[in-house]
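To keep things clear, I will list the structure first and then write my remarks on it.
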Amino acid sequence: MMNKFLKLKSILIVFTLGLLFTSCSSDDNTDLVITDPDATFDADLLVTEAGTGDRRNVTVNASDVSGSTFKAKVAFSANSANMRRLYITQNISAFGEEPYVFTSQEVDEKPDGSLDLVGDDKKDFEFQLDLPKPTMTDGTVVYKLWATTGRGDFRDVNKRNALGDNVLGTITVRFGTGINDGSGIKAFTQTILAAPLGDGSSNTFISLYNNEVYKISDGEETAALWDFGYYYGASQNASLASTSDYPALFDDDNDATTPLVNVSGLTGVAQAELNSFFIGTSSIDFDAVATASDLNGITTPGTERVTGLSVNDVLEFVDEYGNKGVIKITEISGTDGTGDFIRFDVKVQIQ
């Protein structure tokens, strides 16, 4: 029987190294304040719903910062809605945005990678953040930050944005000339998706945004991140399908008399929030794709599911967010049992 998914309770964010929070004692508005008001900051970001006096786009010259990190002051202020989560992405040398992961700081992260903002009426917060300064000669590192009223989407700043559509802050770290020299392609290799198992323990779905694979049982918090999943059908054999169009394969109540359910029915995530992923067969030479322009000719396929896959098949796709790419099947192992999987390589445009 598939277990019901438990909602994680919000707990106080305590950043003990670089992201340091303390809370006021007001029951109506628990503000987060900087623990060191006398600190000097390399970047001072201010994002408000009103837009008055904002500093939404801040640039830091890496040459002006000594050491391997720079200190940023971040402040957000909302008028109408309460802020519940903070989303942060990092884009190094224009190789594509990825969720910024705190590896050396104690943070309260939601399962989707966002940060939990505590307080029933969160209208304002302010904090200090130590961000890494990688070793680079030329190029940029860009951080984007925005607040949401609930579960958002790293690829869509408008989803439940607490301050309004397209309201976010950016911190750009500039190295040398500030010119990024990249192919415009992000490549994933040797990715594995497992055949779905009844207990939800298999890594069946993937997000091309971060090349992460997800268990079916990850459920409510992460299902909206998934792009597509793998299954092995009785007649269709090895198949890929968008999360939105994934077949009803799940028994959510352990009752043989009731129909199987789809991803929405299993996870409780609204069907409208599940990603479409348009995919079809392709004549593109996967190995010859070297730059983003090599994929410009792809038009949106008319289907969200491909079946009967074999090794060396090449597929082309357009995802929910307009990104174009190709997939090459490199291995198919078994059918629909424990340990059975598909392996493939991906090349996708960076936007």
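The values are calculated or read from the model by the stated rules, or taken from the named source; none is laboratory data. All values derive from a computational prediction rather than experimental measurement. Cβ placement follows ideal geometry from the backbone for every residue including glycine, while neighbour counts extend to all protein chains displayed.
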Quick one: how many residues across region 250-281 are surrounded by 11 or more Cβ atoms within 10 Å (Cβ to Cβ), part of a loop (DSSP other than H, G, I, E, B) and within 24 Å of the chain's Cα centre (by Cα)?
6
The one condition residue 235 fails out of (1) under 18 Å from residue 276 (Cα atoms); (2) in a loop (DSSP other than H, G, I, E, B) is (1)
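Condition check ((1) in contact (Cβ under 8 Å) with a residue 60 or more places away in the chain; (2) among the aromatic types (Phe, Trp, Tyr)) across all residues:
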{"position": "209", "(1), (2)": "yes, yes"}
{"position": "218", "(1), (2)": "yes, no"}
{"position": "231", "(1), (2)": "yes, yes"}
{"position": "240", "(1), (2)": "yes, no"}
{"position": "253", "(1), (2)": "yes, no"}
{"position": "268", "(1), (2)": "yes, no"}
{"position": "276", "(1), (2)": "no, no"}
{"position": "279", "(1), (2)": "no, no"}
Restricting region 164-185 to residues that are of a type in the set (A, V, I, L, M) and over 20 Å from the mean Cα position of the chain (by Cα), the residue that is modelled with the lowest pLDDT
179
If you check every pair at least six apart or on different chains, which have Cβ atoms under 7 Å apart with a residue in region 306-317 that is at positive phi first and a residue that is assigned to a loop (DSSP other than H, G, I, E, B) second?
308/236
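Residue by residue, here is whether (1) among the charged types (D, E, K, R); (2) in contact with a Leu (Cβ under 8 Å, 6 or more places away or on another chain); (3) without any contact (Cβ under 8 Å) to a residue 60 or more places away in the chain; (4) assigned by TED's automatic domain parsing to the domain that holds residue 340 holds:
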residue	(1), (2), (3), (4)
152	no, no, no, no
159	yes, no, yes, no
162	no, no, no, no
167	no, no, no, no
192	no, no, no, yes
Cβ contacts < 7 Å: first residue under 18 Å from residue 72 (Cα atoms), restricted to region 47-58; second residue aromatic (Phe, Trp, Tyr), any location; separation 6+ or different chain. Result?
47/76
Would you call residue 284 surrounded by 17 or more Cβ atoms within 10 Å (Cβ to Cβ), at pLDDT 95 or above, assigned to a strand (DSSP E or B) and aliphatic (A, V, I, L, M)?
no
Run residue 301 past the list (1) surrounded by 15 or more Cβ atoms within 10 Å (Cβ to Cβ); (2) touching a residue at least 40 places away in the same chain (Cβ under 8 Å); (3) out of contact with any helix residue (DSSP H, G or I) (no Cβ under 6 Å at 6 or more places or on another chain) and report the number of the one that doesn't hold.
(2)
Filtered residues of region 238-265 (kept if touching a helix residue (DSSP H, G or I) at 6+ places or on another chain (Cβ under 8 Å) and at pLDDT below 85):
250, 252
For region 47-67, which residues satisfy the criterion of being surrounded by fewer than 16 Cβ atoms within 10 Å (Cβ to Cβ) and in a strand (DSSP E or B)?
55, 57, 59, 61
Of the conditions (1) touching a Gly at 6+ places or on another chain (Cβ under 8 Å); (2) closer than 21 Å to residue 77 by Cα, the single one that residue 195 does not satisfy is (2)
